[in-house]
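Chemist: What follows is a structure written as structure tokens; I'll ask about it next.
The values are calculated or read from the model by the stated rules, or taken from the named source; none is laboratory data. Because the structure is predicted, anything quoted here is derived from the model rather than measured. No Cβ is skipped: glycine too gets one built from the backbone with ideal geometry, and neighbour counts run over all protein chains shown.
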Amino acid sequence: MREGQFSRTALGAAGRRAAHQVIDGARVFDDPLALRILGPDADAAVAEARADPALRGLRFYVAMRSRFAEDAARRAIAHGIRQIVVLGAGLDTFAYRVEPIEGLRVTEVDHPATQAEKRRRLAAAAIAAPSHVVYAACDFETESLADALAASGFDAGRPSVFLWLGVVPYLTEPAIFATLAFIGALAGGSEVVFDYSSMAAPIAGGGRRRVHEIVRARAEAAGEPLRTFFATPALHEKLRAFGFRSIEDLDPNEIVARFFPERAARSSEGGGHFVLAGTSPPRAATA
Ligand SMILES: C[S@@+](CC[C@H](N)C(=O)[O-])C[C@H]1O[C@@H](n2cnc3c(N)ncnc32)[C@H](O)[C@@H]1O
């Protein structure tokens, strides 16, 4: 990321969510604050999405990713989890929409420049931060997440859920593994939701290749290049070594099948995966 500057990719992701509300009728992910937090940038995001049909796949990817993560967070809250951490929060609005509940704490962690810009936008949009919102600044590449969270009052002895959306591909492998090792060593019942891209090389043909190329080109132009891809088996091995005992990993076909079961599966290609990993065995589903 460019030193001291607000993350341009955070603006991009927020723009996809805003466009999803207007163009897709919030079909997958309903975020009533998505347009408001963008302020004057909302119109441009929607106009860009309308002008370039190639952005549709990316828009749905971002919408499905947020839905997957928020479903997991709300399930965890229903099971009694009260500490949620949004890593690399960007302009994500979960903390400002989640139902307030006794004891809830939602900590947003980000680069200081991005966090400052978010707080400016929240104020400009008159979106009040509920009392459960806590801010912690951290550079995952150079600072200790454990220290940043401890300084913000995070209780490492209580199970927590971490939402880490659209961040892993921009980090180096050591920074990613340091964060996963930290979460994997937390109290049983802790979970992390993140997305990653499987190895760049196998991505072949079709719409997913196009999405990948759009993301890569935009990330480069933003000064936030994609740095890390994972082969799925190797990543799972690492997760298990870090203490994760349940791993749900949706590949691109499974993501589409989850949210659009009526669509036929495509042939196997690389691309974005959604992961929900937990430090306890998988939780039984609630009715
Ligand atoms: C593509 S944006 C995603 C934002 C948000 N999670 C979302 O889904 O809209 C990437 C986010 O990762 C953050 N980020 C990237 N590198 C980081 C680092 N080294 N330390 C802390 N945050 C970082 C950026 O500030 C930005 O908020």
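Chemist: Among the residues of segment 52-96, what is the count of those that are within 12 Å of the ligand (Cβ to nearest atom), under 21 Å from residue 134 (Cβ atoms) and in a helix (DSSP H, G or I)?
Modeler: Summing the residues that are within 12 Å of the ligand (Cβ to nearest atom), under 21 Å from residue 134 (Cβ atoms) and in a helix (DSSP H, G or I) in segment 52-96 gives 5.
Chemist: Also: I'm checking my understanding of the structure. Among residues of segment 97-119 that are part of a helix (DSSP H, G or I) and under 22 Å from residue 179 (Cα atoms), which one is nearest to the ligand (Cβ to nearest atom)?
Modeler: Per the criteria, the residue is 114.
Chemist: Name the one entry in 179, 172, 142 that is within 13 Å of the ligand (Cβ to nearest atom), closer than 20 Å to residue 197 by Cβ and surrounded by fewer than 19 Cβ atoms within 10 Å (Cβ to Cβ).
Modeler: Step by step, each of 179, 172, 142 is checked, and only 172 is within 13 Å of the ligand (Cβ to nearest atom), closer than 20 Å to residue 197 by Cβ and surrounded by fewer than 19 Cβ atoms within 10 Å (Cβ to Cβ).
Chemist: Could you say which residue among 152, 190 is in contact with a Gly (Cβ under 8 Å, 6 or more places away or on another chain), crowded, with 17+ Cβ neighbours inside 10 Å and of a type in the set (S, T, N, Q)?
Modeler: Result of the check over 152, 190: 190.
Chemist: Looking only at segment 206-234, which residues are part of a helix (DSSP H, G or I), surrounded by 15 or more Cβ atoms within 10 Å (Cβ to Cβ) and modelled with pLDDT of 85 or more?
Modeler: Listed by number, the residues that qualify are 216, 218, 219, 232.
Chemist: Sort through 163, 180, 122, 186 and tell me the only one that's touching a residue at least 40 places away in the same chain (Cβ under 8 Å), outside any loop (DSSP other than H, G, I, E, B) and farther than 21 Å from residue 31 by Cα.
Modeler: Only one candidate passes the filter, namely 180.
Chemist: Next question. Restricting attention to segment 239-264, report how many residues are assigned to a helix (DSSP H, G or I), touching a Leu at 6+ places or on another chain (Cβ under 7 Å) and buried (at least 17 other Cβ atoms within 10 Å of the Cβ).
Modeler: First pass over segment 239-264, keeping only residues assigned to a helix (DSSP H, G or I): 239-241, 252-259.
Now drop any that are not touching a Leu at 6+ places or on another chain (Cβ under 7 Å), which leaves 239, 258.
When the remaining residues are screened for being buried (at least 17 other Cβ atoms within 10 Å of the Cβ), the result is 239.
The total comes to 1.
Chemist: If you don't mind, another one. Considering only residues that are assigned to a helix (DSSP H, G or I) and within 16 Å of the ligand (Cβ to nearest atom), look in segment 26-47 and name the one that is surrounded by the fewest Cβ atoms within 10 Å (Cβ to Cβ).
Modeler: Per the stated criteria, the residue is 41.
Chemist: For segment 170-192, enumerate the residues that are of a type outside the set (Ser, Thr, Tyr) and under 22 Å from residue 219 (Cα atoms).
Modeler: 171, 173, 174, 175, 176, 177
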